[in-house]
1. Could you tell me the convex hull volume per residue, in Å³, taken over the Cα atoms of the stretch 169-258?
2. Residues in the stretch 135-163 near a label at residue 176, defined as backbone nitrogen under 15 Å from the 7 Å Cα→Cβ point?
3. Report in % the part of the accessible area of the chain that belongs to carbon and sulfur, leaving out ligands and nucleic acids; probe 1.4 Å.
4. In a solvent-free Debye calculation with one equal scatterer on each Cα, what is log10 I(q)/I(0) for the stretch 48-120 at q = 0.14 Å⁻¹, listed in the order of the q values?
5. Can you pull the one-decimal nm distance between simple spin-label points at residue 201 and residue 255, each 7 Å off the Cα toward Cβ?
6. So if the hydrodynamic radius of the chain is defined as the Kirkwood radius over C-alpha pairs, what does Stokes-Einstein give as its diffusion coefficient at 4 °C and 1.567 mPa s, in µm² per second?
7. I need the helices of the chain that pass two filters: whole DSSP H segments spanning 27 Å or more by Cα along the axis, and mean Kyte-Doolittle score no lower than 0.5.
8. Based on the alpha-carbon gyration tensor of the stretch 192-244 and its eigenvalue square roots a ≥ b ≥ c, which shape applies: rounded if a/c is under 1.5, prolate if not and a/b is larger than b/c, or oblate?
Amino acid sequence: MAVGSGNDKGRHGRGARGHPYTDRIDAKIMNSDKQHPGTQIVAIDGPAGAGKSSVSRRVAGALGFAFLDTGAMYRAATWRALHLGIPLDDPEALAASTRAMALEFQEEPDGVRVVVDDLDVSREIRSPEVTRHIHLLDQIPAVRQRLVELQRSFGCRRPTVAEGRDIGTVVFPQARCKVYLDASLECRAERRAAEMETQGLPVNRAEVLREIAERDALNMNRAVSPLRRAEDAIYVDTTELTPDQVVARLVQLARERL
Ligand code: DC
């Protein structure tokens, strides 16, 4: 039986970390695809605002690897559900929408374009509305299972730097190079506020800090595939490091381990 279908209705989000039921779901997601590429994968996890995206993209460029932004996939699934008016309290409908989604990453000179059902939604998936609703999908086992399948098939095709929340723990547990990127809450909030300022957006620093703390709690405490450091992941605290220093450290780690 596919995870999240039939009898699973209404059970999502129940249970604490380490609960036998949710451990079974994580194990099922992990085993849903027998191919677990690991030799040519750099797995980067960490909380919001740790600088994963920009750093991972640069590390991929330096190594000549593909870059996989798995957060963009959860964003795309959420955008599609909102766009089509799928009931957000119906896990089966949300999972069906995710399975039906045609998702493409198109590499362009100015960055990667995210295309859902032939629509370029690169900007829309970053909207506050999408960000606010992702947690309704990212805790549904069948949604995660589908996206994990796509992530593994991407990683099977080319050497890849993949970043997200469960890359080293669930998506590519065999990856030989795993990194957990972290920074203090204040530092992550300050970086996010600065980024918003450069985009010309209004910034309320206390609000940004509150939102990041809230997302940390949602990501770390959700029942299925919570954000946590894999036992064999190298912990890198970027609070006192410049982006150049973080990139150099990760490229060095990848070259040592792959
Ligand atoms: O990295 P990001 O902020 O774009 O990710 C958006 C959300 O997607 C994040 O709050 C949690 C979820 N996510 C996830 O559950 N698993 C991943 N591998 C990546 C992202």
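The values are calculated or read from the model by the stated rules, or taken from the named source; none is laboratory data. These figures come from a predicted structure and were not determined experimentally. Note that we place each Cβ from the backbone using ideal geometry, even for glycine, and neighbour counts take in every protein chain shown. For the accessible areas, the whole protein counts, side chains as well, though only heavy atoms, and no ligand, DNA or RNA atoms are used. Shrake-Rupley method; radii C 1.70, N 1.55, O 1.52, S 1.80 Å.
1. Spelled out: Cα convex hull of the stretch 169-258, divided by residues, is 118 Å³.
2. In the stretch 135-163, the label zone of residue 176 (backbone N under 15 Å from the point 7 Å along Cα→Cβ) covers 159-161.
3. The nonpolar share, carbon plus sulfur, comes to 50 percent.
4. With one equal scatterer per Cα and no solvent, log10 I(q)/I(0) is -0.54.
5. 3.5
6. Translational diffusion coefficient: 69 µm²/s.
7. Length and hydropathy pass: none found.
8. Cα axes put the stretch 192-244 in the oblate bin.
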